[in-house]
1. Among what's in segment 34-54 and is within 30 Å of the chain's Cα centre (by Cα), among the charged types (D, E, K, R) and surrounded by 15 or more Cβ atoms within 10 Å (Cβ to Cβ), pick the residue that is nearest to Asn143 (Cα to Cα).
2. Among the residues of segment 8-18, is any of a type outside the set (Lys, Arg) and more than 16 Å from the ligand (Cβ to nearest atom)?
3. Looking only at segment 55-83, how many residues end up being within 16 Å of the ligand (Cβ to nearest atom) and surrounded by 15 or more Cβ atoms within 10 Å (Cβ to Cβ)?
4. Please name all residue pairs, on different chains or six or more residues apart, with Cβ atoms under 6 Å, provided the first residue is in segment 57-78 and is over 15 Å from Ala126 (Cβ atoms) and the second residue is within 12 Å of the ligand (Cβ to nearest atom) and in a strand (DSSP E or B).
5. Which of the residues spanning segment 36-50 are touching a residue at least 40 places away in the same chain (Cβ under 8 Å) and of a type outside the set (A, V, I, L, M, F, W, C)?
6. Please go through segment 135-154 and pick out each residue that is under 30 Å from Ile64 (Cα atoms) and more than 13 Å from the ligand (Cβ to nearest atom).
7. Please work out if Asp213 is assigned to a loop (DSSP other than H, G, I, E, B) and without any contact (Cβ under 8 Å) to a residue 24 or more places away in the chain.
Amino acid sequence: MIKLIIDPGHGGKDSGAVGNGLKEKNLNLDISKKVVDNLSAYEVNASLTRSSDIYLLLKERCDIANKLQADYFCSIHINAGGGTGFESYVYTKASQQTEKLRQVIHNTVAGYYKKAGFPDRGEKRANFAVLRDTKMPAIILENLFIDSPNDSIKLKDAGFIDGLAKSIANGLVSALGIPLKPLLNKTPVKVKAKATVDQARSFLHSKNVHAPDYIDIYINTGERYGLRWDAVFAQSCKETAFWRFGGDVSPNQNNFCGLGTFDGKPGASFSSPCDGIEAQFQHWHVYYYGGDLPAGVKELDPRRNAVLSSGNAGTLQYVEDLGGHWAPSKDYGASIVNDYLAPMLK
Ligand SMILES: [Zn+2]
């Protein structure tokens with residue numbers, strides 16, 4: 001299991017920066033605890049260097065991580081000194097791997113700040129002790145400026161801090177490929193399909209005898225993308241009303257999963273059913289596997305970058321997890337399972 005150290009900067013006699021009635025040490029601890037809370041659903045050993053208001057030397061923080069042989073070290077700080085926004089640091093001589101991980105986390109967190117109107121001050125390097133003396137890839141996140149009146153308003157906003165902690169956790173999950181904890185009653189996606197061709201075919205035809213039969217395309221594409229085709233096919237049954245359509249998408253768009261149909265938009269069009277179905281698998285793929293498409297495939301999914309920049313790339317594990325991601329409804333994925341996949345398997 002991946003071992004992660006979250007390091008709330010400062011503590012005890014060392015307040016860190018102060019300003020606008022705030023002490024950095026308290027904010028660092030609050031954010032760090034919430035990051036760990038957000039990771040509780042994941043298969044990761046996440047621990048804090050301090051869980052209360054105590055003083056720790058920089059060396060002690062590094063020793064904790066080195067003794068544990070942690071896979072990653074993430075230090076949480078608040079900036080000061082006249083400025084605004086977010087920046088991150090890795091060691092002056094950081095490895096390529098450290099940079100690669102930093103980029104994912106940085107972009108996720110910077111995206112959260114940008115939405116709230118704060119600038120991305122960039123990906124920086126420095127010779128800081130916790131970056132230099134930790135034996136694993138390490139990052140420092142500098143979250144807003146405690147001495148800026150405008151930044152401090154957000155630092156006092158519990159809802160904003162909750163969202164920040166969630167985006168840091170999402171960045172770590174995405175960067176390190178941390179899987180969700182398995183839950184027995186959920187439907188995994190990176191497994192072989194349970195439905196047979198005949199089950200899928202007779203399910204489809206029992207609902208719409210005139211529906212075109214693209215089941216072989218789902219099966220072939222599912223194999224290439226490492227995703228169970230029956231779940232993806234079940235989603236198309238839901239989205240197209242068994243190829244009766246009648247929603248925002250027309251049949252000639254070859255869009256069998258409503259890609260890009262939010263806000264009343266007509267959604268994406270594809271040149272063939274094959275391309276449309278492959279785009280659908282690519283959209284699942286970015287949610288379940290992250291940024292790397294299988295080698296040699298043509299990028300077809302028009303919503304791919306939206307997932308990559310949301311910080312959710314590679315973070316989903318079960319069909320049920322699509323709820324709140326693919327579609328706003330929390331029950332979206334559960335509906336694919338309960339209303340389409342389960343009856344297909346009967
Ligand atoms: Zn600090």
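Throughout, read-outs are computed from the coordinates displayed, never taken from laboratory work. Model, not experiment: these values are computed from the prediction. Note: ideal-geometry Cβ built from the backbone for every residue, glycine included; neighbour counts use all protein chains shown.
1. The selected residue is Lys34.
2. Scanning segment 8-18, I find no residue that is of a type outside the set (Lys, Arg) and more than 16 Å from the ligand (Cβ to nearest atom), so the answer is no.
3. 13
4. Hits for this filter: Arg61/Asp7; Ile76/Pro8; Ile76/Leu141; Ile78/Asn143.
5. Residues satisfying the conditions are Asp37, Asn38, Tyr42, Glu43, Asn45, Ser47, Thr49, Arg50.
6. Of everything in segment 135-154, those that are under 30 Å from Ile64 (Cα atoms) and more than 13 Å from the ligand (Cβ to nearest atom) turn out to be Lys135, Met136, Pro137, Ala138, Ile139.
7. yes
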